Amino acid sequence: MTAQETTPRSASLIVILGDQLSNDIAALRGADPDRDTILMAEVAAEASYVPHHKKKLAFVFSAMRHFAKELTKSGWSLRYVQLDDPHNTGSLTGEIARACSELEMYRVIATEPGEYRLKQAFADIPGIEILEDDRFIATHAEFHDWASGRKHLRMEYFYRDMRRKTGLLMQGDEPIGGQWNFDADNRKPAKADLFIPRPLRVQPDAMTQQVLDLVKTRFHDNFGTLEPFWFAVTREDALDALEHFIDGALPRFGDYQDAMLDGQPFLYHSVLAQYLNAGLLRPLEICRRVERAYHEGHAPLNAAEGYIRQIIGWREYVRGVYWLRMPGYTEENALAAKRPLPGFYWTAKTDMACMAAAIEQTRDEAYAHHIQRLMVTGNFALLAGVDPHEVHEWYLAVYADAYEWVEAPNVIGMSQFADGGLLGSKPYAASGNYINKMSDHCAGCRYDVKKKTGEGACPFNPLYWDFLVRNADHLRGNPRLGHVYRTWDRMSDAKKQAYLDSAQAVLAAL
Ligand code: FAD
Ligand code: DLZ
Ligand code: SF4
């Protein structure tokens, strides 16, 4: 036995953050209920570092309160500070200092915060020990090793390593089905008459109702519709939401992963990211459940593989990129985009039907699925040359699943190409044609998706070419864009000018 193992440890303050609501979180693992005290605190600083959507605030606070209740039931001694506690100092570091002083504790144990700003702030706390957050499949060291020496990071190769590491959908060393990735099968447009299940809706209990009242009073000016509030706020209900997804939507998740339909905010998506990111669900348990659904013949391989790839591939990969590139990643602006975020991102008042649909459902549900985030609101901001930092702050505020470690690489890297192509090999820029192919929005739009320029033309069409021309210095040399620039080069001068003039008219109207 080492000296450390034999010497009894002094009482510690165990810190649990609002997105660390897992009973096997690192900070709890070595803790002793008879000796240590857990601190959880609702604080103004976390509630306002971006103007969070009302549903996101209600979700985080209610899930925190429910988790605290479970910890107390399991015998932990818990100090829970509510937002309206008159002694609340307003910040997590302030609450840790206050607890240490009042409880006369000199040792603090925390699991590393998911955001850089908080990790930095925690590093300065006297007597703190920060443990690695091992709720992820790749450790920081593993990602670092994988990334070092590579000029371009590509998710696909990282994903294959994660398949090998977890054994998910593997047969020995080979991927089940003989292919790593079935993405090519996952691009079907959806039809309005398909049966579309809805995510599980949970009735708010008395504790959630109190939080809803708090959010109504304290955050009435924040973006978003608060009620009906239907998110799960406990692990038990989040597990039910997982089962509900497996039963209903998973079998079609693959086929319609990229589709968009008017009035169908969720399609066949799982709507589990907010539970996963807050710690109510674990990435591997979700993936193993999906794998089982495939083996039991309930879901086809393209659905199971496509879903598992999002979690052990994309989710792990973007986290790796975040920690590799912070600090500074959220300030990157490779294309020097400077336009302020148009006001309609907050009001949904725009005649563009696809944008209005994505923003309205974001307002109502604190949710939009991946293709809406990437190819509608993200694509528009990219084409219009909106300052990527403003775009980043919008995404961080409006989605219930948004934390910087996952949001920033998706926005700064994948969607806005502001990291110059570290995360994606080409910008996700598209004209109205893509949206028309993957959705039914254009049929009900004031704009004509087939019209390329002039009055009534779909704004995505001229903006697309304007974006490419404006950023030719950065993008012309990209081998994946060679054919696009060749198309531009072949256009007549009059046509080129019509595109550029129409784009200027759209931009001036913003
Ligand atoms: P599903 O479509 O059912 O996918 C299953 C799960 O895979 C998700 O729950 C999520 O955990 C994971 N996943 C899928 N795609 C990604 C991805 N690109 N990166 C990381 N995880 C992924 N995801 C967040 O969790 N938080 C964010 O703040 C966030 N911001 C985004 C911003 C932009 C511009 C884009 C393009 C994507 C963003 N994503 C974000 C990724 C993705 O859009 C969401 O994870 C997904 O829409 C959540 O809904 P869902 O649970 O129904 O996902
Ligand atoms: C998102 C959030 C909010 C809104 N409020 C709190 C809070 O009051 N207390 C807390 O501990 N955590 C909160 N969180 C989650 C944190 O912002 C999150 O832990 C950090 O951003 C790190 O990912
Ligand atoms: Fe969107 Fe253009 Fe289609 Fe209107 S016409 S819905 S703006 S893509």
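The values are calculated or read from the model by the stated rules, or taken from the named source; none is laboratory data. Model, not experiment: these values are computed from the prediction. With ideal geometry, Cβ positions are generated from the backbone for all residues, glycine too; neighbour counts draw on all protein chains shown. Heavy atoms of the whole protein, side chains included, go into the accessibility calculation; ligands, DNA and RNA do not. Shrake-Rupley method; radii C 1.70, N 1.55, O 1.52, S 1.80 Å.
Residues in the stretch 128-142 carry Karplus couplings, in order, of 8, 10, 9, 9, 5, 7, 9, 7, 9, 7, 9, 6, 4, 5, 4 Hz; the curve used is 6.51 cos²θ - 1.76 cosθ + 1.60 with θ = phi - 60°, and Gly or Pro positions show x.
Between the alpha-carbon centres of the stretch 322-369 and the stretch 33-76 there is a gap of 27 Å.
The trypsin sites (Lys or Arg not before Pro) of the stretch 108-153 that DSSP puts in a loop, and whose beta carbon has at most 15 other beta carbons within 10 Å, are Arg150, Lys151.
Three semi-axes describe the equivalent ellipsoid of the stretch 344-509; taken as square roots of 5 times the Cα gyration tensor eigenvalues and ordered largest first, they are 25, 20, 13 Å. Of the GluC sites (Glu not before Pro) found in the stretch 398-457, those that fall in a DSSP loop while having at most 15 other beta-carbon atoms within 10 Å are Glu455. With respect to the chain, whose longest principal axis is taken over its alpha-carbon atoms, helix 54-73 is tilted by about 30°. Amide H contacts under 5 Å for Asp419: Ala334, restricted to partners 5 or more places along the chain or on a different chain, H placed in the peptide plane at 1.01 Å from N. Output the 0 to 90 degree angle, nearest 10, between the alpha-carbon long axis of helix 155-166 and the longest principal axis computed from the alpha carbons of the chain. With both axes taken from Cα atoms, the answer is about 40 degrees. Backbone geometry of the stretch 90-105 corresponds, through the Karplus equation with coefficients 6.51, -1.76 and 1.60 at θ = phi - 60°, to 3J(HN,Hα) couplings of x, 9, 5, 5, x, 6, 5, 4, 5, 5, 4, 5, 5, 9, 6, 10 Hz, x marking Gly and Pro. Using the Karplus relation 6.51 cos²θ - 1.76 cosθ + 1.60 with θ = phi - 60°, the per-residue 3J(HN,Hα) values for the stretch 430-442 come to 8, 7, x, 4, 4, 5, 5, 5, 9, 8, 10, 5, 5 Hz, with x marking Gly and Pro. Of the trypsin sites (Lys or Arg not before Pro) found in the stretch 388-450, those that fall in a DSSP loop while having at most 15 other beta-carbon atoms within 10 Å are Arg446, Lys450. Per-residue ellipticity at 222 nm, computed for the chain from helices alone with -39500 (n - 2.57) per DSSP H run of at least four residues, works out to -12500 deg cm²/dmol. Stokes-Einstein diffusion for the chain at 20 °C, viscosity 1.002 mPa s, with a Kirkwood radius from C-alpha pairs, works out to 88 µm²/s.
Ligands, DNA and RNA left out, the accessible area of the stretch 3-131 computed with a 1.4 Å probe is 52% carbon and sulfur. Principal-axis analysis of the Cα atoms of the chain puts helix 388-398 at an angle of about 60° to the longest axis.
Among the listed pairs Lys55/Lys437; Lys338/Lys450; Lys56/Lys119; Lys151/Lys437; Lys349/Lys451; Lys73/Lys119, those with a Cα-Cα distance over 24 Å are Lys55/Lys437; Lys338/Lys450; Lys151/Lys437; Lys73/Lys119.
Surface listing: Glu365, Glu360 arranged by accessible area from highest to lowest gives Glu360, Glu365, probe 1.4 Å. Centre-to-centre, using Cα atoms only, the stretch 379-439 and the stretch 107-154 are separated by 24 Å.
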